[in-house]
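Encoded as structure tokens, the structure appears first; notes follow it.
The values are calculated or read from the model by the stated rules, or taken from the named source; none is laboratory data. Note that the structure is a prediction, hence the values are computed from the model and not measured. Heads up, the Cβs are rebuilt from the backbone with ideal geometry, glycines too, and the neighbour counts pull from every protein chain shown. These area figures cover heavy atoms from the full protein model, side chains too; ligands, DNA and RNA do not enter into them. Shrake-Rupley method; radii C 1.70, N 1.55, O 1.52, S 1.80 Å.
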Number of protein chains: 2
Amino acid sequence: MNQDYIKPDEWSILEEGFDADKVKSSESLFSIGNGVMGQRANFEEQYSGPSFQGSYIGGVYYPDKTKVGWWKNGYPEYFAKVLNAPNWIGINVFVNGEALDLFTCKEVKDFKRELNMKEGFHHRSFVAVLPNDIEIAVKATRFLSIVEDELGAIDYEVEVINSDAELRFEPYLDGGITNTDANWEEHFWKTLDVKTERNQGFILSKTLKTEFHVGSFMQSEVLVDGEKKDLDFKESRTHDKLTFSYTVNAEKGQKVSLRKYAGYVTDMNHDRDQLVLAAKEVLESALASGFEELLQQQKEAWAKIWEMADITITGDVKAQQGIRFNIFQLNQTYLGKDERLNIGPKGFTGEKYGGSTYWDTEAYCIPFYMATKDQKVARNLLIYRYNQLDKAIENAKKLGFKNGAALYPMVTMNGEESHNEWEITFEEIHRNGAMVYAIFNYVRFTGDFEYIPEKGLEVMIAISRFWHQRANFSSDKNKYVILGVTGPNEYENNVNNNWYTNYIAKWCLEYTMEMIDKVKQGFEEDYERIMGHTNLTDSELISWKEVAEAMYFPFSEKDGVFLQQDGFLDKEIKPVSKLDKNQRPINQQWSWDRILRSCYIKQADVLQGFYFFEDHFSKEDLEKHFNYYEPITVHESSLSPCVHSIQAAVLGRMKQAYDLYLRTSRLDLDDYNNEVEQGCHITSMAGTWMSIVEGFGGMRVREDQLEFTPRIPDEWQAYSFKVNFRDQILKVTVTKDKTRFLLEGDSAIEIKVDGETLEVSPNQEKTV
Amino acid sequence: MNQDYIKPDEWSILEEGFDADKVKSSESLFSIGNGVMGQRANFEEQYSGPSFQGSYIGGVYYPDKTKVGWWKNGYPEYFAKVLNAPNWIGINVFVNGEALDLFTCKEVKDFKRELNMKEGFHHRSFVAVLPNDIEIAVKATRFLSIVEDELGAIDYEVEVINSDAELRFEPYLDGGITNTDANWEEHFWKTLDVKTERNQGFILSKTLKTEFHVGSFMQSEVLVDGEKKDLDFKESRTHDKLTFSYTVNAEKGQKVSLRKYAGYVTDMNHDRDQLVLAAKEVLESALASGFEELLQQQKEAWAKIWEMADITITGDVKAQQGIRFNIFQLNQTYLGKDERLNIGPKGFTGEKYGGSTYWDTEAYCIPFYMATKDQKVARNLLIYRYNQLDKAIENAKKLGFKNGAALYPMVTMNGEESHNEWEITFEEIHRNGAMVYAIFNYVRFTGDFEYIPEKGLEVMIAISRFWHQRANFSSDKNKYVILGVTGPNEYENNVNNNWYTNYIAKWCLEYTMEMIDKVKQGFEEDYERIMGHTNLTDSELISWKEVAEAMYFPFSEKDGVFLQQDGFLDKEIKPVSKLDKNQRPINQQWSWDRILRSCYIKQADVLQGFYFFEDHFSKEDLEKHFNYYEPITVHESSLSPCVHSIQAAVLGRMKQAYDLYLRTSRLDLDDYNNEVEQGCHITSMAGTWMSIVEGFGGMRVREDQLEFTPRIPDEWQAYSFKVNFRDQILKVTVTKDKTRFLLEGDSAIEIKVDGETLEVSPNQEKTV
């Protein structure tokens, strides 16, 4: 743990006391978002201390020219970067002409921040003594509306405590922003126009190269002691910045507040030449509602989200805060309304990693969204990949694959590959399997088989073609092998026959063939369309079958376990527990070659396969593999401990399950990796949810039925979660000695609890 | 072949006719150097067409900030770059005020270039019609003195053909140069001072960061029809450029020539505050000798080099030109006088690859220098590495090695690693073996065993320590293995148990132990010193022995060959001959993963081991391995065909040996790789020499005796080469039916020819 300044609280993230060294961390942790746009928790007023400015719009990106030491054929020319967008939160404040700047104030007292997760807003209050000795009290509330998702609102209240004073508020829009993460320090934006209409301001910008057109807008009103004032204002502008200036002569003790309504409209949703018009509509509707009404709507909307997605934990406030923070951030990042968007690894909290979409979405996020939202949300995540199938085929073509084979990118914004490390970009191909697994998982959970004939099967065929071409026959082994890959454990590169990759490849081929048969039988029209479109031949299917049946899997007879890859037994095996602490994390201490030839595993690899395909293996198998691999896993990826936690729970090792759970749930709040100032680990937060629901709750779906094997860590008195299963909501509450099930729906369902069938009727709590 | 504009000639490289598209290629091919400094063949006068300016000083480099997409622990912060140095060749020419510029002339006629390899100068002549219709004939001769190695001289003669005209010559020094190869477009030089003393000019510069101080200097004289004229001149300067201006009113038909004496003095050889003084001395001595005398010295000095190093080929002018070009360029790059210098892969002909020193020196260049120069030259190349031992130990330490283990860098200028691709930098560790092999090879050839107690053994111990630590015990194989390496075949990365690497590691350990015993017995004082210095313990030696004895080598029972690495048999084996031509070179056509999982070999790997350790294997073994690996070798490294050529010759496959020989000997002249404009492939030129001497001539040293197995390609009538063997020179002349041996020395030697002993007495030709 690198920090513990966040105050424990069940529903809020709280910081007390001003510390300039914490500003960047808090900017990440207190980030707000509404699934469409989001921001780091930068101060509204001028701040000259260390800060990382960031405001992001979902789907708006910039293809930054690739930076690489040694070029390899097939590298993408561009890396799609998450893009710091024009600043609309800015409100500079002057007191008797002196700028308020917390970094230069004589004193900052009673500084408090709250990220109110229950109601979805950010609040900050403090008392500051300015260099000119004027003392003011500030309260600032800000939120991004999830009801009106192009809108943000700020209420910025100043009270002069020790005298009368002239207060000047300067709300502004600034198009002259830059990215922290830019390969060549190039500009990503061009400001097209700065416009005003009375007290409404607009900046029209476009991204260079990608030509996203974005309108940033603002309108402000001033209240004195709660009364709206119709003040004169001044306007000043440069080619990329627009500032309004409101001056109030405040009496001592008077509360003057500036309310700023602002946000973005983009040409993803409006005609380019209608952006100002669209912005005006947003502003007029916002002004008509007013700040309180908008905030009320926000609270109600968040209440609805929590109603579905909340997990309660009794007896462990920090764990409660941790899991809610994870659920809150996931919802801030993606709400599933727009199939063009996805879940970036940093969400709207930072720029690192670029791109928006990794295999994290399919492997970790889909279960969360499936169970806590309408099933359309998960479907939209699948459609996102379906819509990018052509690009995935193009991507595979660049690497020499033929005949409509597809390789989904490692990192992407628009379907094109962004990443440029050969051992990842070209070799971490298991990601392709996760695309098919997500379809399987979605259909298993939702029962929405129609998705397969409608869209899924085309993706599956293209991916199976890839696997078929990527495997080659080893006459030495008399088996099909897959050479030169990087598995989920990125601490091995360019290995042969990574078990996980071979396994998911075989499974993809078999599952695709099974689905082709099913579609052929039940969806003739779709079948004809797909066959016509893909030109899939019988001989192709025969050779798929051949590859799938004769796939090679490295196995240790001695240990009775599948080996992570060929040659794994040549390594020196020494458990992580015997590794000197000062050698950890190895990725900061060791050179890459040393990491590669060590036995240490960055994140679940063979065990990832055992997680995905749990039902293919016995519990004894799982135990044997868990005993073999867990002791040599360093969990230096945020995506790792959740899978091991679930498996420890399955094996009844609750202490270990709990310890592994803890490593992710407060990863950012406690800043384990000493890097939260770069942003939060959004996608791994879904893994935390899985640890509770699938690990502790033991939830599975088998044969269209929900199953549970509830367990509870010693440290908790109780916990509860809800699951949306096929449009009915089941609430599960686990205590030390029993589990309660409550169904919100209209028809009774059968579930299994610890292997026993249980009928749960609507609104009648069942206890086991 | 991408070009064939170079005219065949036995002793010169010739170009006829001006073609702006060829300028950059010719700038490389016609480069001149004297082992201490060198230049691309840029025009003296202004040229506005495409050109690549380059003038280089041996040992003077700049640590350019590393550029990398994804940083890995252990990467060096800097890449030592070959440095484009201040320009002293410049002579702008104005005719009636109009600048001579071949790119903008109305016409260029009778353009000829000659690189006279026999005498070591560059000559260029042409007739140009300027935009103002004045027609002039130009003859320019330039050389870098190998006698006075800080000096260059230019004779630039202009004749106005069609009228009288005012000729203005503007010889200049320019410190405001830049590198083409710069990672971040930073400046590498700072000009400290621009000085003149009468008609002598000086620019004092220093490299940034490395602080090499360099004085560039010039002095000119003007001759009209061969008569020196004591002309007035003007001087102009900026902060980094100095120009003198000489004006002559020339009559039609008069020949006016400007002779410029110039060059560099550096603080590698002089006190920093004495640079101007040193430069004045060079100038005064040069002026005293005069151009003709200096050129005469140059011819004589080159004659001496050729006397030792020449290879004659009768009946194949292109082959003759090719081999002389190779020998000439090697001598231009390195003459072995200065143990601080080494042989850069591009020599003084370009910037690509940075650094000056690769394992090319030990593996390819040392045999050439050993056999064609005094043995001190090869010794100096060994001392270069000895002097960098501390840095090699430091380098290994960064990668986690202990106890004085050394890893020599992949690319270096000063001993520190420059390279930053993990699969090369951290894993292409076989280079370490080449350091020891070079010592072995040197001692075998020269008999200078003293080098081992004096310096070599310390290097060997540090390298053996590296191998000992780098291997690990595989309990699965019950053998020692070396995991995660890149062999000489860089088309495989991060493989386990590369046979070549394991073999040279084992050999290093054994050879070092053998040498420790020998030194212990014969050089007690040195032994004590070295043991005191290295703290080598008996238990260390015991575990070296254990590793060496139990080293694992991948072997195919089925094929009866050692395998390039573990898992090689899983590949699809398809000979290069069956590969579609449009797929070649694969490094331009295929993505990296595809190259890696293919069977194709970039350059000799297992066969490199068979080359180094020929005597460890039978001819049948060689044949079996050659038959296995040669068909799947693509030779996409300039260092590859020579080794295969030698082995084809050993196997009596002269057609194949000749074809392979041809691929390197005219690689640059015919621009096979379409890249000669970036510079010449200097180090591979030594491989061409080996192909003839060791391949066709079959020269070996065994038990202090020279052995030959002469063979001649069908295409040749005869060839000859000379070998300096232990201070006596043996000339070998091979014709279709016999071989003649002529010894220049004072004591008879016994040699073996085709296995038969032959005594050769001084100055008595022996024929076999």
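Here is how the numbers come out for the structure above:
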| quantity | calculated |
| --- | --- |
| Mean-position separation - Cα centroids, segment A:260-304 and segment A:437-461, in angstrom | 36 |
| Cross-link pairs A:655/A:731; A:67/B:352; A:346/A:506; B:373/B:402; A:397/B:352 - those with Cα-Cα distance over 29 Å | A:346/A:506; B:373/B:402; A:397/B:352 |
| Average beta carbon contacts from partner chains per residue of B:419-430, 10 Å cutoff | 3 |
| Nearest-10 value in Å² for the accessible area of residue B:747, using the 1.4 Å probe | 60 |
| Å³ per residue enclosed by the Cα convex hull of segment B:13-160 | 142 |
| Solvent-accessible surface (1.4 angstrom probe) belonging to residue B:338, in square angstrom, nearest 10 | 40 |
| Interchain or long-range residues, amide H under 5 Å from residue A:314's placed H | A:717, A:718, A:719 |
| Sparse-neighbourhood loop sites, trypsin sites (Lys or Arg not before Pro) in segment A:500-576 - DSSP loop, at most 13 other Cβ within 10 angstrom | A:558 |
| Stretchable slack from residue B:190 to residue B:767, in nm (0.36 nm times residue separation minus alpha-carbon distance) | 201.6 nm |
| Using alpha carbons only: equivalent-ellipsoid semi-axes of segment B:12-304, gyration tensor based, whole Å | 32, 22, 19 |
| Cα→Cβ-extended label distance, 7 Å offset, between residue B:71 and residue A:374, nm | 4.6 |
| Under 12 Å, Cβ to Cβ, from residue B:336 - net charge with Lys/Arg +1 and Asp/Glu -1 | +2 |
| Mean accessible surface per residue for the protein assembly as shown, computed with a 1.4 Å probe while every protein chain stays in place, in Å² | 35 |
| Zone residues, segment B:693-725, relative to residue B:655, backbone N less than 17 Å from point 7 Å out along Cα-to-Cβ | B:712-716 |
| Degrees between helix B:499-522 axis and first principal axis of chain B (Cα, 0 to 90, nearest 10) | 90 |
| Hydrodynamic radius of segment B:254-311 per Kirkwood, over alpha carbon pairs, in Å | 13.8 |
| Solvent-accessible area of residue A:437 with every protein chain in place, 1.4 Å probe, in Å² to the nearest 10 | 10 |
| Degrees separating the helix B:317-333 axis from the principal Cα axis of chain B, which is the longest one | 90 |
| Interchain or long-range residues, amide H under 5 Å from residue B:255's placed H | B:225 |
| Centre separation in Å (Cα based) which lies between segment B:186-239 and segment B:306-364 | 30 |
| Whichever aspartates and glutamates have a C-alpha closer than 12 Å to that of residue B:318, once near sequence neighbours (fewer than 8 apart) are set aside | B:4, B:9, B:10, B:670, B:715 |
| Fraction of accessible area attributable to carbon and sulfur, chain B (%, probe 1.4 Å) | 44 |
| Which of A:306, A:11 is most accessible, then next, and so on - probe 1.4 Å | A:11, A:306 |
| Mean Cα-pair separation over length for chain B, i.e. relative contact order, pairs under 8 Å, 6 or more apart, % | 12 |
| Reduction of at least 20 Å² in accessible surface, 1.4 Å probe, comparing all protein chains with the chain by itself, residues of segment B:579-597 | B:591, B:592, B:593, B:594, B:596, B:597 |
| Segment B:327-426 - percent relative contact order, Cα under 8 Å, separation 6 or more | 23 |
| Sequence of A:468, B:616 from largest to smallest accessible area, 1.4 Å probe | B:616, A:468 |
| Rg to Rh quotient for chain B, alpha carbon positions, Kirkwood Rh | 0.99 |
| Viscosity 0.692 mPa s, 37 °C: Kirkwood-radius Stokes-Einstein D of segment B:174-320 over Cα pairs, µm²/s | 179 |
| Where trypsin sites (Lys or Arg not before Pro) fall in DSSP loop in segment A:96-128, at most 14 other Cβ within 10 Å | A:106 |
| Folded to 0 to 90 degrees: helix A:524-534 orientation relative to chain A principal axis, Cα | 90 |
| FRET efficiency, residue A:303 to residue A:112 (Cβ-Cβ, R0 35 Å, nearest 0.05) | 0.90 |
| Surrounding net charge for residue B:635, when Lys and Arg each add one and Asp and Glu each subtract one, Cβ distance under 10 Å | 0 |
| Segment A:83-111 and segment A:486-516: distance between their alpha carbon centers, rounded to Å | 53 |
| Globularity ratio of the protein assembly as shown, using Cα Rg and 2.2 N^0.38 Å | 1.06 |
| Potential extension, residue B:543-residue B:520 segment - 0.36 nm per residue separation minus Cα distance | 6.4 nm |
| Percentage relative contact order, segment B:12-304, counting C-alpha pairs under 8 Å, at least six apart | 18 |
| Extension reserve of the residue A:127-residue A:617 stretch, reckoned as 0.36 nm per residue once the Cα distance is removed | 170.3 nm |
| List of segment A:555-572 residues, accessible area with partners at least 30 Å² below that of the chain alone (1.4 Å probe) | A:569, A:570, A:572 |
| Estimated distance in nm for a label pair at residue A:750 and residue B:352, the labels positioned 7 Å out from Cα along Cα-to-Cβ | 7.2 |
| Chains B and A, summed buried accessible surface - 1.4 Å probe, Å², nearest 100 | 4000 |
| Pairs from B:22/B:109; B:455/B:518; A:206/A:260; B:545/B:602 whose Cα-Cα separation, in the structure shown, is over 21 Å | A:206/A:260; B:545/B:602 |
